[in-house]
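Trainee: So that we are looking at the same thing, I have put the structure below in C-alpha cells.
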Amino acid sequence: MYPEIMVVPMREELTRAGIKEARTAADVDAGLAQPGTTMVVVNSICGCAAGKMRPGVRLALQHSTLPDHSITVFAGQDREATERARSYFEGQPPTSPAVAILRDGKLIYLMQRSAIETSTAPAIAQELVRAFDAYCAPTTA
C-alpha cells in the first residue's frame, strides 16, 4: 500500500467527476444494491490508470447517456472494497485498472487492463460511450 497522501489526487480525479468512492465492502454492496445500471471503476496507481483510464472515464462521463450510478474502488489501497467489487465480476480474472457496468448487481460489461493499456484515453472514452449507449440507455416500451 502507498501512503494515502500519494493517492489522494488519484482518488479525487474520479470523485471530482461525480463518481462515488466505495472504501469498504459495505459501500460496494450499497452501491450495487441500487436499481438500474452502475459503473464500477477499479482505480489504480499504475501509469495506464493515470494516463489512459481515468482521463478516458472523465471524457466518457460528458456523454448524454450515462449509467444510473457510478462508484470507484482503489486497488492496492482499499483491499476489502476492491475484493468485494471484483466478486461481482463473476468468472473474470481480477485486473486493475478496470471499468465494469452492472445492471441490478449483475455484470453486463467489463473493460479489463489488457484493453486499457493498449488504448488511448480518447479510445477508452469512445468504447465506454458505446457501452453506455448499449447498456445504459433508457428503454422505450
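Trainee: Inside the stretch 118-141, can you point out the residues that are assigned to a loop (DSSP other than H, G, I, E, B) and either among the hydroxyl-bearing types (S, T, Y) or at pLDDT 95 or above (or both)?
Mentor: T118, S119, T120, C136, T139, T140
Trainee: What are the residues in the stretch 110-141 that are in contact with a Cys (Cβ under 9 Å, 6 or more places away or on another chain) and either more than 21 Å from I45 (Cβ to Cβ) or hydrophobic (A, V, I, L, M, F, W, C) (or both), if any?
Mentor: I116, the sole residue that qualifies.
Trainee: Is the stretch 83-104 home to any residue that is under 19 Å from A121 (Cα atoms) and in a helix (DSSP H, G or I)?
Mentor: no
Trainee: Next question, about the same structure. Looking only at residues in the stretch 79-93 that are surrounded by 14 or more Cβ atoms within 10 Å (Cβ to Cβ) and either over 13 Å from the mean Cα position of the chain (by Cα) or among the acidic types (D, E) (or both), which one is farthest from G36 (Cα to Cα)?
Mentor: E80
Trainee: Just to be sure before I move on: is R23 at pLDDT 95 or above, over 24 Å from A137 (Cα atoms) and assigned to a loop (DSSP other than H, G, I, E, B) in the structure I sent?
Mentor: Answer is yes for this residue.
Trainee: Checking A137 against (1) surrounded by 21 or more Cβ atoms within 10 Å (Cβ to Cβ); (2) within 12 Å of P67 (Cβ to Cβ), which single condition isn't satisfied?
Mentor: Of everything listed in (1) surrounded by 21 or more Cβ atoms within 10 Å (Cβ to Cβ); (2) within 12 Å of P67 (Cβ to Cβ), A137 misses just condition (1).
Trainee: Across the stretch 1-19, what is the number of residues that are over 22 Å from K52 (Cβ atoms) and not in a helix (DSSP H, G or I)?
Mentor: Residues that pass the stated criteria total 2.
Trainee: Sort out which residues of the stretch 45-76 are surrounded by fewer than 17 Cβ atoms within 10 Å (Cβ to Cβ), more than 14 Å from the chain's Cα centre (by Cα) and not hydroxyl-bearing (S, T, Y), and write them in order of number.
Mentor: Correct list: G47, G51, Q62, H63, G76.
Trainee: Show the residue pairs that are 6+ apart or on different chains and have beta-carbon atoms under 7 Å apart, the first residue being within the stretch 24-35 and under 13 Å from R86 (Cβ atoms), the second being surrounded by fewer than 14 Cβ atoms within 10 Å (Cβ to Cβ) and not basic (K, R).
Mentor: L32/G105
Trainee: Any residue at all in the stretch 38-46 that is among the hydroxyl-bearing types (S, T, Y), within 15 Å of E13 (Cβ to Cβ) and in a loop (DSSP other than H, G, I, E, B)?
Mentor: Yes, the stretch 38-46 has at least one match.
The values are calculated or read from the model by the stated rules, or taken from the named source; none is laboratory data. All figures in this text were calculated on a predicted structure; none of them were measured in a lab. Backbone-built Cβ (ideal geometry, glycine too); neighbour counts: all protein chains shown.
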